[in-house]
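Okay, so here's the structure we're looking at.
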Amino acid sequence: MMDQTGAVEDLEKATDINPRDENAYRILGLIKLGLKDYPTAVTEFSAVIKCNPSNYDARLLRGIAEFSLQSFEDAMSDFDKAIALNPKDIRAYRIRGMTKHALGDDVSAQKDFDNAAELESQSKSDVK
């Protein structure tokens, strides 16, 4: 099992040395997300986005942390940007659909679920 405390300390030192190290912030965010420390995960993924605004992964992961905090409007914004950066990722449509459902927009949520299903069907047919 990974020594998360030691890893976090090392990664924090790395970001002190190089505040533009988006990979260190990303790993910190993943650790915090795994620990269900969602506010800190949001902070770490925000640092990634500050370093690289077009980082799809950080947008998606920050949105997941925001969703977990029930910050649905913030999550929606990140999922919209993630989908704009990578319109073929099934996960982004699914979680955005869940967010829209949480906001009471079931019609739009269903469209996202349908898009996810269509992309999944396409990816299965591409494998054949």
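Coordinate-derived values only; no laboratory data. Predicted model, so just to flag it, every value in this text is computed and none were measured.
Some observations on this one:
- Partner lysines for LYS13 [C-alpha distance under 27 Å; skip if fewer than 8 residues away on the same chain]: LYS32, LYS36, LYS50
- Rounded to the nearest 500, the helix-only mean residue ellipticity at 222 nm of the chain stands at -26000 deg cm²/dmol, with each DSSP H run of n ≥ 4 adding -39,500 (n - 2.57).
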